[in-house]
Amino acid sequence: MGPHFTLLCAALAGCLLPAEECVMCDPSVVLALKSLEKDYLPGHLDAKHHKAMMERVEKAVKDFQELSLNEDTYMGVVDEATLQKGSWSLLKDLKRITDSDVKGDLFVKELFWMLHLQKETFATYVARFQKEAYCPNKCERNVEVPQMEDMILDCELNWHQASEGLTDYSFYRVWGNNTETLVSKGKEPTLTKSMVGPEDAGSYRCELGSVNSSPATVINFRVTVLPKRVEEEKPSPNIVTPGEATTESSNTLQPLKPEKMLKGRLLGLLIWGSLALITGITFAIFCRRKVIDFIKSSLFGLGSGVAEQPQVPKEKATDSRHQ
């Protein structure tokens, strides 16, 4: 495992980086390849084939760096995010093969076919970075800014801070007669011009210098100054404009949400239930008192009727005797 694995790590370190930058191997990739040689190969491939197998893997990984230089696909620079994406894709496919528990010649064929496809996938990632993020010398950006507002030209790309050997940002005003004027130069990647006017429209160019003779990045800006923004007058809060009336009416006509309708119905049922309960309790108390009073009056009425006998007046009794 010793020498072959060391060479493999060196190949991984070099395949994804330009020579000027200092970038380490992805630790997860190193561990995965170490596990492949130490843990997976002994039970899935004859020991006599291990040495030749690792030599082929070393060569396949070295081929990752064999990407042709082209302004549209690869210029020798790759950012960290692209490296991580390529590493993650390689690890995912390698885990898929080891999880399948494939052995022998079939394992060898699947492994090297996967490495071939991963190189193509990595080339696709690099080309995307080249087009969207690296921005070679043909890069051009259109900037529109309203009059009397700030113009900001940003020359920084996401790989600048992770690179070595870069110097200063230089911004130039490019004139129609193929001449240019240096506007600013320094470590600041942006150029800001406050309260621009029509005279500020035109072409600008930004260069990021390097320790080499050629600039690392060149971005051309085409600036268009738009008319000044018109601030709309806000109406008084007490004045209702036709637009607001229409909005209010439209809001009124909008149906309620199911949650609000359910809450309203439950609240209504709760109120009506409380009123019904209070009315029932009041009616029960009232009826109870009426029943008690009726019973009392009935009992006292019967007692007085038995105890008291009707008396005939004496005068009426005497008159009846004479007759």
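Inspect region 248-270 for any residue being within 30 Å of E149 (Cα to Cα) and either modelled with pLDDT under 80 or surrounded by 10 or more Cβ atoms within 10 Å (Cβ to Cβ) (or both) and give the result as yes or no. No, region 248-270 contains no residue that is within 30 Å of E149 (Cα to Cα) and either modelled with pLDDT under 80 or surrounded by 10 or more Cβ atoms within 10 Å (Cβ to Cβ) (or both). Each residue in region 275-298 was checked for being open to solvent by less than 100 Å² (accessible area, probe 1.4 Å) and of a type outside the set (S, T, N, Q), and 11 pass.
The listed residues are K34, K85, K38, K51, and the only one of them that is farther than 22 Å from V108 by Cα and modelled with pLDDT of 80 or more turns out to be K85. Every listed requirement among (1) closer than 27 Å to V78 by Cα; (2) free of Cβ contacts under 8 Å to residues at least 24 places away in the same chain; (3) assigned to a strand (DSSP E or B) is met by S184 save one, (1).
Residues that are at pLDDT 70 or above and under 10 Å from T217 (Cα atoms) within region 132-165 comprise C139, C155, E156, L157, H160, listed in sequence order.
Among (1) touching a residue at least 60 places away in the same chain (Cβ under 8 Å); (2) not in a strand (DSSP E or B), where does G176 come up short? Among (1) touching a residue at least 60 places away in the same chain (Cβ under 8 Å); (2) not in a strand (DSSP E or B), the lone unmet condition for G176 is (1).
The values are calculated or read from the model by the stated rules, or taken from the named source; none is laboratory data. Bear in mind the structure is a predicted one, so any value in this text is a computation, not a measurement. Counting neighbours? That spans all protein chains shown, and the Cβs are built from the backbone with ideal geometry, glycine included. Only protein heavy atoms, including side chains, enter the accessible area calculation; ligands, DNA and RNA are left aside. Shrake-Rupley method; radii C 1.70, N 1.55, O 1.52, S 1.80 Å.
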